[in-house]
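Undergrad: Okay, handing you the structure first.
The values are calculated or read from the model by the stated rules, or taken from the named source; none is laboratory data. Note that this is a predicted model, so its numbers are computed, not measured. Neighbour counts run over all protein chains shown; Cβ positions are idealised from the backbone, glycine included. SASA here: full protein model, heavy atoms, side chains in, ligands and nucleic acids out. Shrake-Rupley method; radii C 1.70, N 1.55, O 1.52, S 1.80 Å.
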Amino acid sequence: SNDPKVRNSSLTEYCKNVDSSKVLLDQCQHLESFRQECDNLYQTVRALFFLYAIHRFHLNGADGVALTGDIPYAGHQALLERKFQNAIEYFLEAMHSSGPSEAISSALATAYYHLGFQTLADQVRSSVKHHPGNKWMFADVKQPQDHPRKIHETLLMGKQDTNESGGGQKRRILQEQTPVRMDLSHCGWSDIFFLGMDFPEGARVLNVSVDLAVHKRHDAPMPPIDTFLRVIDEPVLVLKSIDLKATAKLTMISEVFDFAKDYLGLLRAGIIASGIVPVGLEHSSAPLSDLFETMLGMKGKGLELTTRVNDIPKGSRLAVSTNLLGSIIALGMRATGQTQSITGELTEEERRLVAAR
């Protein structure tokens with residue numbers, strides 16, 4: 001609805017006051033037609049999650065809705081293959097032919113839920129892909145030898161380890177320090193940029209970047225997020241999280257895209273979004289050694305990414321994950337010559353590029 005009083009009313013309260021399941025099912029049919037015809041991303045995603053909520057929470061146990069029912073195998077198979085729109089079509093056809101049931105509503109809720117997030121993910125990919133400065137990561141890099149970026153020469157100087165007696169220059173470690181975000185007002189994440197473009201009145205928020213200190217422990221506030229990158233004498237990618245006490249050693253490009261393998265999925269995402277391992281290599285079966293030979297100009301070398309979040313508990317509401325990801329992206333961009341300077345402040349355009357990724 002274009003009427004704010006209607007649009008901003010509670011879905012739960014509306015559903016509680018509906019006389020019968022038939023009315024709810026009729027509204028679901030209207031929502032289904034609306035979300036397919038709507039060209040406003042915010043309203044489309046909102047309709048998908050309304051459909052999810054109605055089928056998951058408000059039709060179960062309602063009069064006229066059978067407790068059991070048959071879920072078509074084709075729809076189940078489509079769900080497993082992440083073809084959520086196809087699954088919804090199969091489930092709706094089954095509901096129309098056999099009548100509403102809690103089983104079909106459960107299946108529809110699952111499909112609508114995942115389609116909502118898939119719609120958002122597709123828009124993120126499209127927005128990132130078409131932002132100036134990002135296209136090369138998608139179209140130009142299909143093989144490790146295609147990578148156009150090189151690791152900054154200052155990171156290649158010296159040795160990985162030195163000892164006091166032998167002397168020598170120790171290899172440089174690149175460090176990025178990042179603050180966290182404090183929300184002074186909140187809008188339920190409708191300020192995400194690709195939703196805010198379609199619903200700007202829902203994106204009015206106020207937040208600030210802050211450094212932190214523990215009273216009587218620290219002399220002054222400091223950025224609480226640290227990320228480090230260095231060249232190592234082994235052709236692998238090492239990921240380390242000091243605060244999570246987790247480490248992984250990756251040898252294949254495909255391993256970088258396995259986000260659910262361990263607790264280091266965000267570090268993997270940062271390596272991809274920074275362009276060190278571009279998204280165009282997602283289906284590559286090549287070893288990381290081939291990629292690093294191209295980027296470092298020599299064999300037998302790799303990279304080590306280390307992150308540390310200092311004294312911030314989980315659930316702090318300080319956007320730690322978002323800012324940690326931004327820190328990794330900025331670090332990787334500096335290391336591969338995508339910024340004007342390897343140290344110092346980023347330019348406004350560079351900050352925008354980090355945000356877009």
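Undergrad: Could you check region 235-269 and list, in sequence order, the residues that are of a type in the set (S, T, N, Q) and open to solvent by 30 Å² or more (accessible area, probe 1.4 Å)? If you could, list the steps in order and put the result at the bottom.
TA: First, pick out the residues of region 235-269 that are of a type in the set (S, T, N, Q): 241, 247, 251, 254.
The answer is T247, T251, S254.
Undergrad: Collect the residues in region 120-167 that are part of a loop (DSSP other than H, G, I, E, B), open to solvent by 70 Å² or more (accessible area, probe 1.4 Å) and modelled with pLDDT under 85, keeping them in residue-number order.
TA: P132, M157, D161, N163, E164, S165
Undergrad: Please state which one of L229, L267 is assigned to a helix (DSSP H, G or I) and under 21 Å from P179 (Cα atoms). Walk me through it before giving the result.
TA: Values: L229 fails: assigned to a helix (DSSP H, G or I).
None of the others qualify; the one that does is L267.
Undergrad: Could you give me the residue pairs with C-beta distances under 9 Å whose first residue belongs to region 344-357 and is of a type in the set (G, A, S), whose second residue is open to solvent by 80 Å² or more (accessible area, probe 1.4 Å) and not in a loop (DSSP other than H, G, I, E, B) wherever it lies, and which are 6+ apart or on separate chains?
TA: Within 9 Å, the pairs are A355/F193; A356/F193.
Undergrad: Next question, about the same structure. Of (1) touching a Gly at 6+ places or on another chain (Cβ under 7 Å); (2) in contact (Cβ under 8 Å) with a residue 40 or more places away in the chain; (3) assigned to a loop (DSSP other than H, G, I, E, B), F259 satisfies all except one. Which?
TA: (2)
Undergrad: Within region 262-305, how many residues are free of Cβ contacts under 8 Å to residues at least 12 places away in the same chain and of a type in the set (V, I, T)?
TA: Within region 262-305, residues that are free of Cβ contacts under 8 Å to residues at least 12 places away in the same chain and of a type in the set (V, I, T) number 0.
Undergrad: Anything in region 232-256 that is assigned to a loop (DSSP other than H, G, I, E, B) and within 20 Å of the chain's Cα centre (by Cα)? List them, or say none.
TA: Looking only at region 232-256, we keep the residues that are assigned to a loop (DSSP other than H, G, I, E, B), and these are 233-236, 242-245, 251.
Of everything in region 232-256, just one residue is assigned to a loop (DSSP other than H, G, I, E, B) and within 20 Å of the chain's Cα centre (by Cα), namely L244.
Undergrad: Further, regarding this structure: For region 171-200, which residues satisfy the criterion of being modelled with pLDDT under 75 and either in a loop (DSSP other than H, G, I, E, B) or open to solvent by 40 Å² or more (accessible area, probe 1.4 Å) (or both)? Write out each step before concluding.
TA: Keep residues of region 171-200 that are modelled with pLDDT under 75, which gives 186-199.
Passing the criteria: H186, C187, G188, W189, S190, D191, I192, F193, M197, D198, F199.
Undergrad: Moving to a separate point now. Name the residues in region 225-234 that are open to solvent by less than 50 Å² (accessible area, probe 1.4 Å) and not polar (S, T, N, Q), would you? Steps first, please.
TA: Within region 225-234, the subset open to solvent by less than 50 Å² (accessible area, probe 1.4 Å) is 225-232.
Result: I225, D226, F228, L229, R230, V231, I232.
Undergrad: Quick one: what pairs do we get from region 112-126, first residue of a type in the set (D, E, K, R), second in a helix (DSSP H, G or I), C-beta under 9 Å, 6+ apart or different chains?
TA: R125/F138; R125/V279
Undergrad: In region 301-357, which residues are charged (D, E, K, R), under 18 Å from A269 (Cβ atoms) and at pLDDT 95 or above?
TA: E304, R308, R334
Undergrad: Let me ask another. What number of residues in region 81-123 are farther than 14 Å from E32 by Cα and under 28 Å from the mean Cα position of the chain (by Cα)?
TA: 14
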